[in-house]
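Just below is one structure, and these are the notes that go with it.
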Amino acid sequence: HLWSETYDRRLADIFAVPDEIAAEVVSALRLTLLNDAPSAAITSPEVYSLYLQAMYEGNQYTTEGLINAERLIEEAIALDSGYAPAWLELASTLMNQVAQRSREPELAYRKAREAAQRALELDPGNTAGYVSLAWIAMKYDLEFHEAAEYLGKARSMYPNNDDVTNGIATLQGDLGHND
């Protein structure tokens, strides 16, 4: 039993009652079913626009697109260094540059690690930060135990996240656990 209420209204208000009931049910069940209400990182429209443009460019997965993405996301960070999603996009862009062989791994992974760590300082509950650190640990540091710890933390926070599941599957494959 999560909610109940008695409604005693005049017949003239009959059409308002369903709306009132729906609003009260949503209000009563929201915290029960969703825990805390979800929130999104807040920034200025200019920073958000740069962030979206960077994501678009990065998703082209071309050398030019990834260079443009890095430039745009660094502009966004210069305007709002407290916007965690921008730091995560920077980490992702740098790792994709390495994967595409358009960036030297040592510098790119160091910078990507710093970006992911900064994102987690700003938003400790963001699973993408832990997933980014896991990929760096797996693919650059070859620290598989460390990668497993990051992925375990991310999985405990968001067990049904595709990026977490993909990271775990990749780690298992890297360890030869293909079954």
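Entry note, segment 70-168: relative contact order of 21 percent, from Cα contacts under 8 Å with a spacing of 6+ residues. Neighbours of LEU72 by Cβ distance under 11 Å: Lys/Arg scored +1, Asp/Glu scored -1, total -4. In terms of packing, defined here as the mean over residues of other Cβ atoms within 10 angstrom, the peptides 119-127, 140-148 line up highest first as 119-127, 140-148. Taking all protein chains together, ILE73, ILE42 sort by accessible area into ILE42, ILE73, largest first [probe 1.4 Å]. How large is the direction-averaged shadow of the alpha-carbon convex hull of segment 20-179, in nm²? For the Cα atoms of segment 20-179, the hull's average projected area reads 11.8 nm².
The values are calculated or read from the model by the stated rules, or taken from the named source; none is laboratory data. Values in this document were obtained by computation on a predicted structure and should not be read as measured data. All Cβ positions, even for glycine, are placed from backbone atoms using ideal geometry, and neighbour counts span all protein chains on display. Calculation scope for accessible area: heavy atoms of the full protein, side chains included, ligands and nucleic acids excluded. Shrake-Rupley method; radii C 1.70, N 1.55, O 1.52, S 1.80 Å.
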